[in-house]
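Trainee: Sharing a structure, written as structure tokens. Questions coming.
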Amino acid sequence: MARITAGVGSSHVPLLGVAVDQGKTRDEYFGPIFAGYDWTKKWEEEEKPDVVILVYNDHASAFDANIIPTFAIGCGERYKPADEGWGPRPVPDVEGHADFAWHIAQCLILDEFDMTIINEMDVDHGLTVPLSMMFGQPEKWPCKVVPLAVNVVTYPVPSGNRCWALGEAIARAAESFPEDLNVQIWGTGGMSHQLQGPRAGLLNREWDNRFLDMLEADNDDVRHIPHIEYLRETGSEGIEMVMWLIMRGALGKKVKRLHRHYHIPCSNTAIGHIVLEPLSE
């Protein structure tokens with residue numbers, strides 16, 4: 001069967017992609033950010049995942065205000081980097097795992113999650129930046145990817161509780177796939193940031209780190225944080241952190257932290273990163 005062997009949480013700030021693409025990852029500004037991912041890059045080389053289920057949000061590249069799926073799963077064979085207004089990033093196409101993705105989609109729908117199935121779309125920085133942070137600049141991404149897009153842009157967005165439950169359902173679906181696959185699940189976005197209005201530039205180091213602490217805990221209290229707390233404490237875009245709960249829900253009750261990193265600022269965003277390993281109960 002397929003096995004979810006690890007969960008990774010990471011911010012997906014577009015400026016990080018610019019730093020990678022322009023060779024600035026070790027300069028004075030970006031160096032401390034990327035240093036926090038060095039451990040993970042080496043670890044990924046050793047782990048060699050076959051597939052990553054990559055939870056992210058689209059930024060009006062594949063979807064817009066006309067179509068806003070709450071949860072959308074990519075079941076295609078290949079995804080090209082999106083043109084977000086200044087040309088596509090110079091990164092490899094993303095290779096999907098259609099058989100595994102269709103299996104996950106079928107299981108989730110039969111498990112009463114109303115997924116939107118996407119067979120063709122371009123993927124923006126929300127998906128390609130995490131790949132760059134974990135894998136660097138390879139000629140070809142070293143694993144296949146199942147994109148899972150979550151609406152955290154237009155309200156109403158899914159609750160943390162629903163996201164956690166979706167992660168649990170993904171784990172059940174993976175366990176029923178007959179092929180032996182080493183699967184990781186990544187939750188991306190965040191951490192605290194607000195891009196507009198009187199509170200633009202808001203960062204909350206204390207709250208962000210408490211959220212990371214809660215991800216490591218042997219309970220599910222983090223799934224019950226209400227939307228209003230994310231908005232009040234972490235800004236309008238901090239709600240992206242509910243996507244990390246899909247990752248955490250897929251790992252089971254107990255986890256072991258393998259790595260953790262936090263840095264502010266990157267542009268106007270707090271950078272968070274964590275690697276978790278599920279522990280058998």
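The values are calculated or read from the model by the stated rules, or taken from the named source; none is laboratory data. Since this is a predicted model, take the numbers as computed values, not measurements. Counting neighbours? That spans all protein chains shown, and the Cβs are built from the backbone with ideal geometry, glycine included. The accessibility values were calculated without ligands, DNA or RNA, using every heavy atom of the protein model including side chains. Shrake-Rupley method; radii C 1.70, N 1.55, O 1.52, S 1.80 Å.
Trainee: Output needed: percent of Cα pairs per 10 Å distance bin for region 204-264, bins running from 0 to the one holding the longest distance.
Mentor: Taking every Cα pair in region 204-264, the percentages come to 20, 57, 23, 0.
Trainee: Further question: Report the convex hull volume per residue for region 153-261, counting only C-alpha atoms, in Å³.
Mentor: Measuring per residue, one finds 112 Å³ for the Cα hull of region 153-261.
Trainee: Another one. Quick one: work out the % antiparallel among DSSP beta bridges in the chain, nearest 5.
Mentor: Counting only bridges with both partners in the chain, antiparallel ones make up about 50 percent.
Trainee: Which whole-Hz ³J(HN,Hα) couplings does region 116-128 yield from phi under the Karplus relation 6.51 cos²θ - 1.76 cosθ + 1.60, θ = phi - 60°, glycine and proline marked x?
Mentor: 8, 9, 10, 9, 8, 6, 8, 10, 9, 4, x, 9, 6
Trainee: Now, a different point. Per-residue ellipticity at 222 nm for the chain, helices alone: DSSP H runs ≥ 4 residues times -39500 (n - 2.57), over residue total, nearest 500 deg cm²/dmol?
Mentor: That comes out to -9500 deg cm²/dmol.
Trainee: So how strong a dipole does the chain carry about its Cα centre when Lys and Arg Cβ are +1 and Asp and Glu Cβ are -1, to the nearest 20 debye?
Mentor: 580 debye
Trainee: Using a 1.4 angstrom probe and counting only protein chains, how large is the accessible area of Asp218 in Å², to 10?
Mentor: Near enough 80 Å² of accessible area.
Trainee: Restricting to Cα atoms and excluding each atom paired with itself, what does the Kirkwood estimate give for region 1-86 in Å?
Mentor: Radius from the Kirkwood sum: 16.0 Å.
Trainee: Do me a favour and compute the ellipsoid semi-axes for region 75-230 from its Cα gyration tensor, root of five times each eigenvalue, largest one first, whole Å.
Mentor: 27, 23, 16
Trainee: Around Val255, with a cut-off of 9 angstrom between Cβ atoms, what is the net charge of the other residues, counting Lys and Arg +1 and Asp and Glu -1?
Mentor: +2
Trainee: Could you let me know the centre-to-centre spacing of region 229-253 and region 52-108, using Cα atoms, in angstrom?
Mentor: Their Cα centres are 20 Å away from one another.
Trainee: Roughly what % of Cα-Cα distances in the chain sit above 37 Å, to the whole percent?
Mentor: The calculated P(r) of the chain puts 4 percent of pairs beyond 37 Å.
Trainee: Also, quick follow-up: Give me the net charge for the shell around Gly238: Cβ to Cβ below 15 angstrom, other residues only, Lys and Arg +1, Asp and Glu -1.
Mentor: It works out to a net charge of -2.
Trainee: Round to a whole number: what % of the accessible area of region 204-264 belongs to carbon and sulfur, probe 1.4 Å?
Mentor: 44 percent
Trainee: Sort Ile246, Ile67, Ile117 by accessible area with a 1.4 Å probe, largest first.
Mentor: Ranked from most to least accessible, the order is Ile67, Ile117, Ile246.
Trainee: Sticking with this one: With every protein chain present, what accessible area does Met1 have (1.4 Å probe, heavy atoms only), rounded to the nearest 10 Å²?
Mentor: 120 Å²
Trainee: Taking only protein heavy atoms into account and a 1.4 Å probe, give the accessible area per residue of the chain in Å².
Mentor: 42 Å²
Trainee: Continuing with the same structure: Please list, short to long, the whole-number percent of alpha-carbon pairs of region 49-128 in consecutive 5 angstrom bins beginning at zero.
Mentor: The distribution over region 49-128 is 3, 14, 25, 26, 18, 10, 3, 1, 0, given as percents.
Trainee: Here's something else I'd like to know. Given a 1.4 angstrom probe, I'd like the percentage of the accessible area of region 9-142 that is carbon and sulfur, rounded to a whole number.
Mentor: Carbon plus sulfur share of accessible area: 49 percent.
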